[in-house]
Amino acid sequence: MERYLRNSVAAGAISGIIWGWLALAVNSFTGVFPLEAGFLRAIASFTIGGAVFGVASAGFLFAASPFIPFRSVVLKAIIVSTSIWIALRAGGAALSGMEPMRYHFTAPEAVQGLILSALLGAIIGVFWKKGLKESVEA
């Protein structure tokens, strides 16, 4: 069980870092939202933020996996990561209601974020399956 948990956290961290870099590349390509600082600061932020989002998603996947009614680990991971993103987006909407000058909803950011959160889930699912296989073989 300990090895399975360690592999789950590792899958989340690695997936999150890869996802952070992909998210930065996608945003650079689409230009949906402007970066606040230079590329080096952005790559550091996206790497750290991606790792945190990946570990959080993997942790929730570890806890919720038995309760999600699908067999596919990749589909479960996509559901978990998009659910977390939707919850964060709902929190942002609540903040918008409290301080409308600080937070503005934009549809292109929302669509890009939803697609990228599903991509994170797919990446976690692939790494999760690999880690699960290694846990069983050991």
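Restricting attention to the stretch 47-65 and to residues that are of a type in the set (S, T, N, Q) and within 12 Å of Gly125 (Cα to Cα), the residue that is farthest from the chain's Cα centre (by Cα) turns out to be Ser65.
Of all residues in the stretch 66-84, exactly one satisfies the criterion of being of a type outside the set (Val, Ile, Thr), more than 16 Å from the chain's Cα centre (by Cα) and under 15 Å from Ser8 (Cβ atoms), namely Pro66. Any idea how many residues of the stretch 27-46 are surrounded by fewer than 16 Cβ atoms within 10 Å (Cβ to Cβ) and in a helix (DSSP H, G or I)? Residues meeting the conditions: 9. Exactly one residue out of Gly113, Gly121, Gly125, Gly97 is in a helix (DSSP H, G or I) and exposed (fewer than 14 other Cβ atoms within 10 Å of the Cβ), and it is Gly97.
Of all the residues in the stretch 50-76, those that are of a type in the set (Lys, Arg) and either outside any helix (DSSP H, G or I) or out of contact with any Ser or Thr (no Cβ under 9 Å at 6 or more places or on another chain) (or both) number 1. Of everything listed in (1) over 17 Å from Tyr4 (Cβ atoms); (2) in contact with a helix residue (DSSP H, G or I) (Cβ under 7 Å, 6 or more places away or on another chain); (3) touching a residue at least 60 places away in the same chain (Cβ under 8 Å), the single unmet condition for Thr106 is (2).
When the stretch 1-12 is limited to residues that are buried (at least 19 other Cβ atoms within 10 Å of the Cβ) and under 20 Å from Ile48 (Cβ atoms), the one that is modelled with the lowest pLDDT turns out to be Ser8. The one condition from (1) in a loop (DSSP other than H, G, I, E, B); (2) buried (at least 18 other Cβ atoms within 10 Å of the Cβ); (3) of a type in the set (Lys, Arg) that Arg102 does not meet is (2).
The values are calculated or read from the model by the stated rules, or taken from the named source; none is laboratory data. This one's a predicted model, so the numbers in the text were calculated from it and none came from an experiment. Because the Cβ atoms are built from the backbone with ideal geometry, glycine has one as well, and the counts that use them run over all protein chains shown.
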